[in-house]
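K.L.:
My structure is below; once you've seen it, I'll send some questions.
Throughout, read-outs are computed from the coordinates displayed, never taken from laboratory work. Remember, predicted model here, so these are calculated numbers, not experimental data. Here the Cβ is made from the backbone with ideal geometry for all residues, glycine too, and neighbour counts use every protein chain on show.
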Amino acid sequence: MKTLKFYLFLILFSGSLFAQEIPSDVLKLSENIDTNRIKAHVTYLASDALLGRKPGKPGYQMAVDYVVKEYKSMGILPAGENREYTQKVVLRNSKLIKENTSLSFVEADGSKKALVLGEDYLIAPNPENPSVIFKSPLVFVGSGIDAPELGFNDYKGIDVKGKICVVLQKSPDNVPANVKLHLRYPSTYQDYAMKHGAIGVLLCNYENNTARFKVGANLSIQGGNNVSIKPNGKIVPSASLQGGKIQVAGNITVDVLKDLMIANNLNLEEIWKSLEKGSFVSQNLKTMAVGAYESTYKDIESYNVIGKIEGSDKKLKKEYVIHSAHLDHLGVGKPIDGDSIYNGAHDNASGVAAALEIARTYSQLPVKPKRSMLFLMCTAEEMGLLGSAYFANNPTVHKKDIVVDVNTDMPTFLAQLESIAPLGAEHSTLMNIAEKAAKTLNLSVESDPEPTEGRFVRSDQYSFVKAGIPALHVKFGHINSNKNLAEDVKKWRATHYHKPSDQIENGFVWSASRKYAQVNFLISYMAAQDKNRVAWKKDDFFYLRLKK
Ligand SMILES: [Zn+2]
């Protein structure tokens, strides 16, 4: 340590402070990121002793204790609740009481069609109200999207107040992959419907067949729904549930929608064709939805772990740049080849390890960046990004002061890093920063090599984006001079992803972890140092949706 400080002292006064926009001493320090330490973090966090770091279980608490100990040893300040490093997150699993759940469609002449749960329809359990009774007119809102900037306003001139919206999901063409993926989540439709005053949404996926619907519905009924709960008992919106005024969040089969259309003198196939042509098809229906459902709850307590390093600028230090990484994994589950511990070495002990060494690098900087840094290790990412959603909705600092989130999740250290894919950076000025950081390290930049994997909306950075905070998640790009990384990643995922074999023995090229940590460090450093805040692109979908 002494040697390093002395060395820094020397280069600090050696004259050439700025190599591009990154001071040479800062760059130098980032070159000393210790891959042995990264390996040591993964070795502990992914060891069998932690039993897969399942929220609510002792193994997760061991991971929390480990991170707290590391923060303390680096001199990182507590930034959770009550001057501690932790933020409590209550996770609620809700399940339907099947025998008390019903849904019928009632026509104007009084004729009634009772639907069968798990065969014709599915209703999400309600984490706020254990017992819900409803009787509401149905209204067809086409593809259910209200985004004029994309050329859609399926709610134009349609009164949905107090009604249940029926949505025929149609993935829009000609929109960016990230937006397309956002438009797959049920809560996106519930949010649009709620903003127009509706009390429910029934989604229909035209491309789903009835057999598949049944399998999915029954799995969902069995497992229930997970959300995080605010201190006031209300839910934090998740990808599947928006909460608030939406009391009925469900799905119906194509057959049910077909019959509903016939009862209203409409033809589903013709409507689908019109939708494909981009025509406006929303309209009131004469049918009423009548039903009731009950839900049971099971709560567990878990924790986000948050540390901070204060910025050096008197004014800007009240603003924060976040490094996030999820600390949880899947716990103990179905054995595969005799192993039942889902260690989650890549997913996401490696992302946590990188973030910890980024934190250490900041702790060693003799002059901190202007803005403050927050290091947020999230719980319950694997349960649906619940810990990060909780933090983004109830941050331990003022929300308006959070400038950006840089997330690290399952980097896959399978080969040397030669190219980065900064997922989500294109939505904001983060792209300039990511490009600069990459250039400094001689890395190329590529767009998401696997856009269909939906990785941008499948990890914690999405919680920040939804809350209005620009974010990115740097993945390994596939450009590589020695390896076919696309093939290697595919193979790794098929063999080890979300399996007990995602453990330290499989697939790590430790020397690759330094450059990955380094590029993330340089990105957050520039975001923390630049006098201008990272900003959304003015015509960006995720920015414009905030303005409604
Ligand atoms: Zn995962």
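K.L.:
Okay, helix-only estimate at 222 nm for the chain: each DSSP H run of n ≥ 4 adds -39500 (n - 2.57), divide by all residues, round to 500 deg cm²/dmol; what do you get?
P.N.:
That calculation yields -9500 deg cm²/dmol at 222 nm.
K.L.:
What residues have an amide H closer than 5 Å to that of Val445, excluding those fewer than 5 places away on the same chain, when H is modeled at 1.01 Å from N in the peptide plane?
P.N.:
Distant-sequence amide H within range of Val445: Ile420.
K.L.:
Can I ask one more? Jot down the radius of gyration and Dmax of segment 276-342, Cα atoms only, both in angstrom.
P.N.:
For segment 276-342, the Cα-based Rg and Dmax read 25.2, 63 Å.
K.L.:
Can you run phi through the Karplus equation (6.51, -1.76, 1.60; θ = phi - 60°) for segment 351-356 and list ³J(HN,Hα) in whole Hz, with x for Gly and Pro?
P.N.:
x, 5, 4, 4, 5, 5
K.L.:
Please tell me which of these pairs span more than 30 angstrom C-alpha to C-alpha: Lys69/Lys399; Lys370/Lys537; Lys195/Lys318; Lys180/Lys334; Lys112/Lys214? Please list the in-between numbers first.
P.N.:
Working: Lys69/Lys399 27 Å; Lys370/Lys537 23 Å; Lys195/Lys318 33 Å; Lys180/Lys334 33 Å; Lys112/Lys214 23 Å.
Table pairs above 30 Å Cα-Cα are Lys195/Lys318; Lys180/Lys334.
K.L.:
Considering Cα pairs under 8 angstrom that are at least six residues apart, work out the relative contact order of the chain and quote it in whole percent.
P.N.:
That works out to 20 percent.
K.L.:
Work out from phi, with θ = phi - 60° and the Karplus expression 6.51 cos²θ - 1.76 cosθ + 1.60, the ³J(HN,Hα) of each residue of segment 472-483, listed in order in whole Hz, and give x for Gly and Pro.
P.N.:
Once rounded to whole Hz, the list reads 8, 9, 7, 9, 4, x, 9, 5, 7, 6, 10, 9.
K.L.:
Where in segment 195-212 does the amide nitrogen come within less than 19 Å of the point 7 Å from the Cα of Lys258, taken along Cα to Cβ?
P.N.:
203-212
K.L.:
Could you tell me how far the Cα centroid of segment 338-378 sits from the Cα centroid of segment 419-456, in Å?
P.N.:
19 Å
K.L.:
Here is a further query. Quick check: residue separation of Lys298 and Ser131 times 0.36 nm, minus the Cα distance between them. What number comes out in nm?
P.N.:
58.6 nm
K.L.:
In whole Å, what are the extents of the chain along the principal axes defined by its C-alpha atoms, from largest to smallest?
P.N.:
Sorted from largest, the Cα extents of the chain read 88, 49, 48 Å.
K.L.:
Now for a different question. What percentage of all Cα-Cα pairs in segment 203-268 are separated by more than 14 Å?
P.N.:
Of all Cα-Cα pairs in segment 203-268, 69 percent lie more than 14 Å apart.
K.L.:
Still on this model: Find how much the distance from Arg37 to Ala108 grows on full extension, using 0.36 nm per residue of separation minus their present alpha carbon separation; answer in nm with one decimal.
P.N.:
The Arg37-Ala108 span can extend by a further 18.6 nm.
K.L.:
Please pull out the direction-averaged projected area of segment 454-548, using the convex hull of its alpha-carbon atoms, in nm² to one decimal place.
P.N.:
If you wrap the Cα atoms of segment 454-548 in a convex hull and average its projections, you get 8.6 nm².
K.L.:
Enumerate the calculated ³J(HN,Hα) couplings along segment 305-311 in order (Karplus 6.51 cos²θ - 1.76 cosθ + 1.60, θ = phi - 60°), each rounded to whole Hz, writing x wherever the residue is Gly or Pro.
P.N.:
Those phi angles translate into 10, 10, x, 9, 10, 6, x Hz.
K.L.:
Can you tell me the 0 to 90 degree angle between the C-alpha axis of helix 186-195 and the longest principal axis of the chain, rounded to 10?
P.N.:
So the inclination is approximately 70 degrees.
K.L.:
In addition: Give the distance, in whole Å, between the Cα centre of segment 58-80 and the Cα centre of segment 304-327.
P.N.:
Segment 58-80 and segment 304-327 have Cα centres spaced 15 Å from each other.
K.L.:
Something else about it: Determine Rg/Rh for segment 93-298; Rg is computed over alpha-carbon atoms and Rh is the Kirkwood hydrodynamic estimate from the same atoms.
P.N.:
Dividing the radius of gyration by the Kirkwood radius yields 0.94.
K.L.:
How much length is gained on full extension from Glu207 to Glu505, taking 0.36 nm per residue of separation minus their Cα-Cα distance?
P.N.:
Working: separation 298, 0.36 × 298 = 107.28 nm, distance 4.05 nm.
Result: 103.2 nm gained on full extension.
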